[in-house]
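So the structure is just underneath, and the comments pick up after that.
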Amino acid sequence: MKTAIITGAGAGIGRETAKLFARKDHRVVIADIDDAAAESAVEEIKADGGEAIAYHLDVRSEQEWEKFGGWIGTEFGSVDVLVNNAGIMDLGGFVATSVAQWQRVVDIDLMSVVYGSRVFARQMIDAGVRGHIVNISSGAAFMPSELEPAYGVAKAAVLMATQSLRVELRAHGIGVTAICPGVIRTNLLAHGERNGLSEEEQRAWRVQVDAAQTGLAYAGPDKVARVIERSVRHNWAIVPVNPEAWFIYGLIRLSPTLARVLPSVLSFERAEQLLAVGKPLLDRLSKGKVLS
């Protein structure tokens, strides 16, 4: 039986990906810092007849990744599929975002990909496994924005790191893919932060953006999971998910200047005005999607 590791698999894209690989006869390792969420995912997979194991992992820690790699090697010999999915998304201007906030985003969204890819690429090479590494980037990697510069910078770096790794691992028969989702119905924003707000304002903001993300999202995390699984089978290099991600991907290739000008139209002030005006509609849309 092949072994697949999915980080941040307690919820959202990671959880759906773990469920799908389990249905495809993989043993899945649910690596997450949230133990309760990881155990819940394991129980759901086992109830469906799959095989899953929860593993506590803080993806920011290189030492924990090294220990994780050693455990996988002892238990299963080598991993066959690694999906670096764990991530956060904070909003706030480039200057307004503190150095500590920049570091947090970079540690979770970028360095976790570096640590995990190094550990398990080395393991695959040593074991002679023709495996696959999937790194979750974002449509935000294609287009600069004042709304989430730290997230966009980290995800753009993930995109380039993935391409560099793909070039290097080709000689070993190991595939590498960057997945670049657009707006997906997950709790990514609800778990993030908006820089410069008080705790009370932060709570109100999370509720608002959670409804907006749920209401505006074109697809759920199961769609991304299916794209990930197909990417592993076909060894695709870069895969945008959703029409908006494909549009931005095409735009940046066609006209980098236009791709820089368009986002400048949407400031925080305009975005919040649009959210306030559209709140009743977004509430209805989000409730309908949750119920369905």
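Annotation for residue 222 and residue 257: the two label points, set 7 Å from Cα along the Cα-Cβ direction, are 4.5 nm apart.
Relative to the current alpha-carbon distance between residue 51 and residue 75, full extension at 0.36 nm per residue lengthens the span by 7.2 nm. Taking a virtual spin label 7 Å from the Cα of residue 25 along the C-beta vector, which residues in region 63-100 bring their backbone nitrogen under 17 Å of it? Within reach of a label on residue 25, which here means backbone N under 17 Å from a point 7 Å along Cα→Cβ, region 63-100 contributes 80-81.
Along the Cα→Cβ direction, 7 angstrom out, place labels at residue 200 and residue 126. What is the inter-label distance in nm? Each label point is offset 7 Å from its Cα along the Cβ direction, giving 5.5 nm. Averaged over residues, the count of other Cβ atoms within 10 Å places the peptides 141-150, 56-65, 23-32, 69-78 in the sequence 23-32, 141-150, 56-65, 69-78, highest first.
Temperature 25 °C, viscosity 0.890 mPa s: under these conditions the Stokes-Einstein estimate for region 38-161, based on its Kirkwood radius over C-alpha pairs, is 154 µm² per second.
Past 21 Å, Cα to Cα, is the threshold; run 2/46; 67/223; 19/223; 46/155; 24/223; 24/46 against it and keep the listed order. If you can, show how the numbers build up before the last one.
Working: 2/46 16 Å; 67/223 32 Å; 19/223 12 Å; 46/155 33 Å; 24/223 16 Å; 24/46 13 Å.
The pairs that break the limit, which is 21 Å between Cα atoms, are 67/223; 46/155.
Values in this text are rule-based calculations from the coordinates and carry no lab data. Keep in mind that what you see is a predicted model, and the values were worked out from it rather than measured. Cβ sites come from the backbone with ideal geometry, for glycine too, and all protein chains shown count toward neighbours.
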